Amino acid sequence: MKKVGVAILGLGVVGGGTYRILESHREFYQKTQNVDIFVESVLEIKREKALALGVPEEKIASNIAEVVADPDVQIVVEVIGGIEAAREYVLAALHAGKTVVTSNKELYCKYSHELEAAAKRHNAGLYYEGSCVGGVPIIRTLLDGLQANGIESVVGIINGTTNYILTKMGNEGASYEDALKEAQALGYAEADPSSDVDGYDASYKLSILASLAFHTKIPLSQVYREGIASVSAEDVRYGKQLGYVLKLLAVGKNTAEGIEVRVHPAFVPASHPLASVNDAFNAVLVHGDAVGDVMLYGRGAGELPTGSAVVSDVIYAATHSENKYSPFKNSEEAEKDVKFVSDFKSCYYLRMTVTDHAGVLGKIASALGKFGVSVGELIQERNRGAGTATLVLVTHGTAESAIRNAAAKIDELDIAKVDAVLRVAF
Ligand code: HSE
């Protein structure tokens, strides 16, 4: 039976899960995959972590040079995270002709061109299923399951931390601050939660997924990004009243006008399948021109779910003699003839505080009308004693620029202040 040695760089959450899956399933893979995959070495600064996981002392490497010099290592799994060390180690492994499996979305998103060029030069494989949406096999689905289709859109909830926070806010009326604290206490959000709540994590993943879906490089710089830190409990509550659930959506669309790639909070109708993706779960809805809608749902993070994705790459690499590279020109920048749409169309939710006087509604309607914005739904609540009212409206489909201009015009009127502008999807 073919024997394949694996080195794991980093025994954090994902590295630990990868180690445990490989160890506990070794005989299973011998039977089902006809290959003996064994952990030859691990690289982990905290030796006690490795020992606690049951890694034999002699398998703990001291440095990357030792790992890449080991002829029994064919596959190097990079699950350190971050950029600097990870990039150096991955390049060292590729230069030594080792196949690399990584779960590092930031590294792959920013340096896939460099890493893939090195992999090709040294006839090594480069796989990254664990980089996007944890245990949900979205990359292989796009590469192998849906390749018969022209993909028209990829829309998803691809960050579990923000989905947990927004679920708490929606179901329990929690404030953003309280929901974030809870997410931190549960270990979903980091002490510095910026990567999740400001939408960076989702934008890395969207850049990778949209590149695969649309067969062209979508650099991170093209992904519009807006996080959830300024979302208020009030907006979540008004949205609920209107039949919507607020989600951090990653939207990739390939339209006749060009490619749209954006990450931002958006209201989703409560009846839409993405609306019922709760807590730290993730889901991706792909629309192919032949298959129609396909939705994948599952855990987007965690030891064993992400370990499952990483090990699926290890098995793929161990059982295929040909390396599989990007199905598009993997360059640093977008290809010259690819157009991107930045002034995209959507329906919008607007919340404003208005003075409660005759003619105010008319002035607001006229400011909206001036920019061609048509109102579909409206709620008005009087703020007793304050002489103001809260006005919440949802527009019909309109361009982002029109809504921005209309909101600025309304603010200029001195009878209203626009407190929130959110997109409404689908
Ligand atoms: N921090 C991510 C999330 C998981 O909350 O979904 C890793 O990408």
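Rounded to the nearest Hz, the phi-derived 3J(HN,Hα) couplings of the range 224-234 under the Karplus curve 6.51 cos²θ - 1.76 cosθ + 1.60 (θ = phi - 60°) are 5, 9, 9, x, 10, 5, 9, 6, 10, 4, 4, where x marks glycine and proline.
Computed from Cα positions, the angle between helix 160-172 and the longest principal axis of the chain comes to roughly 40 degrees.
Fully extended, how many nm does the chain gain between S342 and V375 (0.36 nm per residue separation, minus their Cα-Cα distance)? Write down the numbers at each step before the final one.
Working: separation 33, 0.36 × 33 = 11.88 nm, distance 2.27 nm.
Taking S342 through V375 to full extension adds about 9.6 nm, to one decimal.
Straightening the chain between A117 and A148 buys 8.5 nm, computed as 0.36 nm per residue apart minus the Cα-Cα spacing. When you restrict to C-alpha pairs under 8 Å that are six or more residues apart and normalise by the size of the chain, the relative contact order lands at 17 percent. Among A416, G15, F371, which residue has its Cα positioned farthest towards the positive end of the charge dipole of the chain, with +1 placed on the Cβ of Lys and Arg, -1 on the Cβ of Asp and Glu, and the dipole taken about the Cα centre? Farthest along the dipole direction, towards plus: F371. With the alpha-carbon atoms of the range 173-274 aligned to their principal axes, the span from lowest to highest coordinate is 40, 34, 21 Å, starting with the largest.
The angle between the Cα long axis of helix 176-185 and the longest principal axis of the Cα atoms of the chain comes to about 20 degrees, rounded to the nearest 10. Name the shape class, rounded, prolate or oblate, that the alpha-carbon gyration tensor gives for the range 18-76, where a ≥ b ≥ c are the square roots of its eigenvalues, rounded holds for a/c under 1.5, and otherwise prolate holds if a/b is larger than b/c and oblate otherwise. Oblate shape, in that a/c is at least 1.5 and b/c is the bigger or equal ratio. Compared with the dominant principal axis of the Cα atoms in the chain, helix 13-24 is inclined by about 40°. The aspartates and glutamates whose alpha-carbon is closer than 18 Å to the alpha-carbon of K363, local same-chain residues fewer than 8 away aside, are E377, E381, D411, E412, D414, D419. In the chain, the calculated helix contribution to ellipticity at 222 nm averages -11000 deg cm²/dmol per residue, counting -39,500 (n - 2.57) for every DSSP H run with n ≥ 4.
With all protein chains in place and a 1.4 Å probe, the accessible surface of the range 345-424 carries 51 percent carbon and sulfur.
Accessible surface for F344 stands near 10 Å², nearest 10, in the context of the full protein assembly shown (1.4 Å probe).
When the listed pairs K3/K105; K105/K329; K2/K98; K105/K217 are checked against a 22 Å cut-off, the alpha-carbon distance exceeds it for K3/K105.
Of the accessible area of the range 138-256, computed with a 1.4 Å probe over protein heavy atoms only, carbon and sulfur atoms account for 48 percent.
Debye-formula intensities of the chain, expressed as log10 I(q)/I(0) at q = 0.07 Å⁻¹, are -0.39 (one equal scatterer per alpha-carbon, no solvent).
Residues whose amide H lies under 5 Å from that of H396, counting only those 5 or more places away or on a different chain, are S374, V375, G376; hydrogens are built 1.01 Å from N in the peptide plane. Modelled spin-label separation between V291 and R384, with each label point placed 7 Å from Cα along the Cα-to-Cβ direction: 5.5 nm.
Overall size of the range 2-132 from C-alpha positions, given as principal axis extents largest first: 35, 33, 29 Å. Per residue, the chain exposes 43 Å² of solvent-accessible protein surface, assessed with a 1.4 angstrom probe and all protein chains in place. Here the Kirkwood formula puts the hydrodynamic radius of the range 345-424 at 12.4 Å, using every distinct Cα pair.
The values are calculated or read from the model by the stated rules, or taken from the named source; none is laboratory data. Being a predicted model, the structure only gives us computed values, none of them experimental. Neighbour counts are summed over all protein chains in view; Cβ atoms, including those assigned to glycine, are modelled from backbone coordinates with ideal geometry. In case anyone asks, the SASA skips ligands and DNA or RNA and just uses the protein heavy atoms, side chains included. Shrake-Rupley method; radii C 1.70, N 1.55, O 1.52, S 1.80 Å.
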